[in-house]
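What follows draws every value from the coordinates through simple rules; no lab data is involved. On a predicted model such as this, the values are computed, not experimentally measured, just so you know. Because the Cβ atoms are built from the backbone with ideal geometry, glycine has one as well, and the counts that use them run over all protein chains shown.
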Amino acid sequence: MIENAILLDLKFARVGEYSTVNTIDYSTVTTAAPTMIKTQKRKFVQLPALTEMVNLDQKIRGWLTRLTGQATAMARGLYFVAPTRVEYIEEELSKFRAHRLELVDRLVAEIDMRRSDSETMSGDLWDAKTYPSEESIRKSSSMDWAWIYFSTPTEAQGLNQNVVKTVNERAQKLIETVQGQLKNQLRDEFLELVGHLKDKLTPDSDGKAKKFKQNSITNVVDFLNNFKDRNFADDEVLGDIVTQAQNLFTGVRADHLRESDSARHDFHNKLSNLVEDLDITERAVRQVYL
């Protein structure tokens with residue numbers, strides 16, 4: 001259940017394009033120098049270290065999304081995590097942060113070089129506030145996270161019970177809403193993975209077998225293996241199907257399916273039967289909410 005999960009709150013901060021009001025009176029100078037200053041500001045966001053940092057942050061979010069299966073169910077940066085995975089995630093995030101700190105060091109050096117070049121080219125038009133200080137860069141390039149546990153604080157025992165009841169009811173509604181979102185998301189992901197595999201097993205319009213790789217099977221197997229740690233909504237329907245699917249996928253290999261038309265046809269039918277009830281349930285739910 002979601003009450004047994006732990007919430008990871010992950011936050012990134014990055015220095016952006018440093019923009020300040022330039023106090024230069026442009027009516028008294030030629031247009032060449034001010035244009036040069038503006039160009040320097042535009043190129044600030046193109047620094048290699050900053051680009052790598054953006055890519056790293058996206059990589060970390062993508063990794064957590066795949067690991068927890070929460071692409072849309074939670075607000076950005078929040079992930080429900082099974083207690084058994086906290087230690088592993090903590091270790092990996094620490095490694096990511098160490099890499100990120102190396103990029104911050106590079107960013108400081110790159111901005112310092114850009115600052116020096118800009119000052120040389122700008123001459124008397126140089127504005128020191130155009131670039132941030134090293135302290136500002138480091139403060140604006142953080143990666144922090146916190147683990148939030150669900151429990152009833154001891155202090156709540158001394159509060160007005162009507163207030164406690166109201167707070168608990170609101171919290172329960174929130175939990176039920178999030179549970180519904182997580183349940184739908186896991187079901188959608190499973191149906192999408194199985195649907196993709198079924199499509200690969202279906203002959204094309206000319207009756208020829210489609211090409212597919214072991215990765216199409218591996219993706220489903222990974223979902224099945226990680227389901228227990230991601231089933232915070234305690235979805236018994238999907239849980240039963242996952243158990244059946246684990247037996248169905250045992251020993252299945254793409255090369256065997258590629259070599260046998262009958263094997264592909266048989267496996268396709270078994271997949272269809274496996275998800276039929278879940279697919280009907282999903283369509284019914286969507287009709288209700290649409």
Original post:
Which ³J(HN,Hα) values, rounded to whole Hz and listed in residue order, are derived for the range 193-207 from phi using the Karplus coefficients 6.51, -1.76 and 1.60 in 6.51 cos²θ - 1.76 cosθ + 1.60 with θ = phi - 60°, glycine and proline given as x?
Top reply: 5, 5, x, 5, 5, 4, 4, 5, 7, 8, x, 6, 4, 8, x
Original post:
Going highest first, how would you order 184-193, 51-60, 203-212 by mean Cβ packing within 10 Å?
Top reply: 184-193, 51-60, 203-212
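Gain in length, GLN214 to TYR149, computed as 0.36 nm per residue apart minus the alpha-carbon separation, to one decimal in nm?
19.5 nm
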Subject >> Pairwise FRET efficiency - GLU135 versus ASN269, Cβ, R0 = 51 Å, nearest 0.05 >> reply: 0.20
Subject >> Pair ASP206, THR51: separation of 7 Å Cα→Cβ label points (nm) >> reply: 4.1
Original post:
Among the lysines, which fall within straight-line cross-link reach of LYS165, defined as a Cα-Cα distance under 18 Å, with same-chain neighbours fewer than 8 residues apart omitted?
Top reply: LYS173
**OP:** Excluding GLN58 itself, calculate the net charge of residues whose Cβ lies under 13 Å from the Cβ of GLN58, where each Lys or Arg counts +1 and each Asp or Glu counts -1.
**Re:** +4
Original post:
Counting Lys and Arg as +1 and Asp and Glu as -1, what is the net charge of the other residues whose Cβ lies under 13 Å from the Cβ of SER141?
Top reply: -1
**OP:** Count the net charge of all other residues whose Cβ sits under 11 Å from the Cβ of VAL81, scoring Lys and Arg as +1 and Asp and Glu as -1.
**Re:** -2
